[in-house]
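The values are calculated or read from the model by the stated rules, or taken from the named source; none is laboratory data. Remember, predicted model here, so these are calculated numbers, not experimental data. Glycine also receives a Cβ, built like all others from the backbone with ideal geometry; neighbour counts cover every protein chain displayed. Quick note on the areas: whole protein, heavy atoms, side chains included, nothing else; ligands and nucleic acids left out. Shrake-Rupley method; radii C 1.70, N 1.55, O 1.52, S 1.80 Å.
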Number of protein chains: 2
Amino acid sequence: MSALMLALSETLPFARHLSELSGIPLGQIETRRFPDGEAWVRVEADCKGRSVALVVSLDRPDSRLLPLIFLADAVRDLGATRVGLVAPYLAYLRQDRRFHTGEALTSRTFGGLLSRYVDWLVTIDPHLHRYTSLGQVYTIPNRVVHAAEAMAVWIRDHVDRPLLVGPDEESRQWLADIASRAGAPYVILSKVRHDDGTVEVTAPDLHDHHQQTPVVVDDIVSSARTMLATVKALTGARMRPAVCMAVHALFSAQAEEQLRHAGAGRLVSTNTVPHASNAIDVAPLLVEAVNELAL
Amino acid sequence: MSALMLALSETLPFARHLSELSGIPLGQIETRRFPDGEAWVRVEADCKGRSVALVVSLDRPDSRLLPLIFLADAVRDLGATRVGLVAPYLAYLRQDRRFHTGEALTSRTFGGLLSRYVDWLVTIDPHLHRYTSLGQVYTIPNRVVHAAEAMAVWIRDHVDRPLLVGPDEESRQWLADIASRAGAPYVILSKVRHDDGTVEVTAPDLHDHHQQTPVVVDDIVSSARTMLATVKALTGARMRPAVCMAVHALFSAQAEEQLRHAGAGRLVSTNTVPHASNAIDVAPLLVEAVNELAL
């Protein structure tokens, strides 16, 4: 069965790259917005009898969801045999339980919704905390790809005497894995999240590490509160400027400046979410999973 | 069975009013946005064993859809027996066929999506053009309420010697109905939509109508291109400043100023979409339909 790839405009550069790597051709679509904010989508590629992979990163879920669903439905109407989703970044995984009575379990609703429109899913390092697998949220076949090796390679190639830094115990296992792949040591700081939303991070004695370059690693950096508190703790301990590394660079408007102001060095991220800090290409990691599910 | 009403913040004043009129109590919810744009929703009202009506106008479908769906799912998890939607304005009805190969039939996808999350639907003057009933798009029980009588009453009470004006033949039947209820004459202009998106409206000889106040009526005013061309045609025919009346006041940023600049008089709308021009209260028209479906 011949496969086809389609992408919304924001994920188009990533999809073009993935198409070249995988050999799955990238078809044309056209999207527009009406003055009232409604979306218009047109598929120009021939979908009949083909397995279609939609490449859409979900970092702005509000504005991506409807175009994605419209696309999925249109592609089926046009005769696609299967429709899958390649979401380099997958949204709505953080609310993984009801912390207070009456809270919407958004992870489950969002997962259930997407599972109704696509037949399979491939993503990179989804934020699984209390869930142990994506299958608890998505009822469709899925493949999860990890960026750890690509991040480790970047650290090895670009950082002088790296010291990996995790902001809290929660990150230990993941950080230890990246550190071991990078052949670098690591430390775990201790994070306290206060009721008012502020985050405090305290560092152990780092005196023996003053000749190393700290690399703070987190999966999602959005408001960057945790990363900021970590950088402040490192600056306070008179460490070198920290490299700040994220898988998914959601960075809110002020986050970047606050990090610089706190003494951070280079910001580095994978290309799951388009951002100036993108330096680690994870598209090659998706090829096998996409070929397996789309072909 | 006791009923309950819940509303997203943008539709809260409307819902409060509808709650008073219908006697269905309005429960509390809390909504927030995370820095990455994800929504958080919490239902504070007791939903167990109750029939819940969600009051959400869909004029900004991108930002309303997920909170609405999260709310619907949460309310069911909390034990609601039925969940309905009161959408004073219902989005995505304009793309009612594929004008070009490969176009997404967004009306059908959006209708199908909402039909999966709510059990019934009440709305006001949905934009049905090629569809003859909402049941062709929504697979759930629905009631459509018309604003014609309320608009006619407003015209009778506020306009000196009104002359109702429809921009095109498509509006004739609806306009004739409002005119007859208002006891006023009407004229239909002729509209041509050019390929480049511009709209041209030409007026017949209006010489005998110079002592009347034109009232241009349309269901949705968004970019206001049609209304603007109509006002220009009336100004060109040396008519009095036209009252511009819409059921659903979506008004894009420049639309209002362009209308004023073209010589429009007062802008008037119903309160299905919150806007400075709201003058016609349609909440009372919903009471019967909501009580019928929610109770």
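If you wrap the protein assembly as shown in the convex hull of its Cα atoms and look at it from every side, the mean projected area works out to 28.6 nm². With only Cα atoms counted, the stretch B:148-271 has Rg and Dmax values of 13.1, 40 Å. Modelled this way, with points 7 Å down the Cα-to-C-beta line, the labels at A:H194 and B:R156 are 6.3 nm from one another. Share of carbon and sulfur in the accessible area of chain A stands at 47%, probe radius 1.4 Å.
Straightening the chain between A:S2 and A:D219 buys 74.7 nm, computed as 0.36 nm per residue apart minus the Cα-Cα spacing. Would you work out which of A:H248, A:A148, A:V215 lies farthest towards the positive end of the dipole of the stretch A:148-271? Charges go on Cβ: Lys and Arg +1, Asp and Glu -1. The Cα lying farthest towards the positive end belongs to A:V215. Computed extension gain for A:T31 through A:D281, at 0.36 nm per residue and net of the alpha carbon distance, reaches 87.4 nm. Restricting the trypsin sites (Lys or Arg not before Pro) of the stretch B:57-133 to loop positions (DSSP other than H, G, I, E, B) with no more than 14 neighbouring Cβ atoms within 10 Å leaves B:R97, B:R98, B:R130. For B:K191, which lysines qualify as cross-link partners when the Cα separation must be under 26 Å and same-chain residues fewer than eight apart are set aside? Here the lysines satisfying the reach criterion relative to B:K191 are B:K232. Under the convention that each Lys and Arg Cβ holds +1 and each Asp and Glu Cβ holds -1, the size of the dipole of the stretch B:1-149 around its Cα centre is about 360 debye. Counting only DSSP beta bridges with both residues in chain B, the antiparallel share comes to about 20 percent.
Interface residues of the stretch B:70-86, defined as a loss of at least 50 Å² in heavy-atom accessible area between the chain alone and the complex of all protein chains with a 1.4 Å probe, are B:F70.
Rolling a 1.4 Å probe over the protein heavy atoms leaves B:H158 with an accessible area of roughly 110 Å².
Dividing the summed helix terms, -39500 (n - 2.57) for each DSSP H run of n ≥ 4, by the number of residues in chain B produces a 222 nm estimate of -9500 deg cm²/dmol to the nearest 500.
Of the residues A:D125, B:D73, the one with the largest accessible area comes first in the ranking B:D73, A:D125, computed with a 1.4 Å probe on protein heavy atoms. A Förster radius of 25 Å combined with the Cβ-Cβ distance from B:H100 to B:S252 puts the calculated FRET efficiency at roughly 0.55. Spin-label pair A:E44-A:R266: with each label point 7 Å from Cα along the Cα-Cβ axis, the two points sit 3.8 nm from one another. Separation of the stretch B:1-61 from the stretch B:114-164 is 21 Å, based on Cα centroids. Protein heavy-atom accessible surface, 1.4 Å probe, per residue over the protein assembly as shown: 41 Å². Computed over protein heavy atoms with a 1.4 angstrom probe, the accessible surface ordering of B:T235, B:T101, largest first, is B:T101, B:T235. Applying both filters, DSSP loop and at most 13 other Cβ atoms within 10 Å, to the chymotrypsin sites (Phe, Trp or Tyr not before Pro) of the stretch B:27-102 gives B:F99. Site pair A:D205 and B:E170 shows an inter-label distance of 7.8 nm when each label is modelled 7 Å from Cα along Cα→Cβ.
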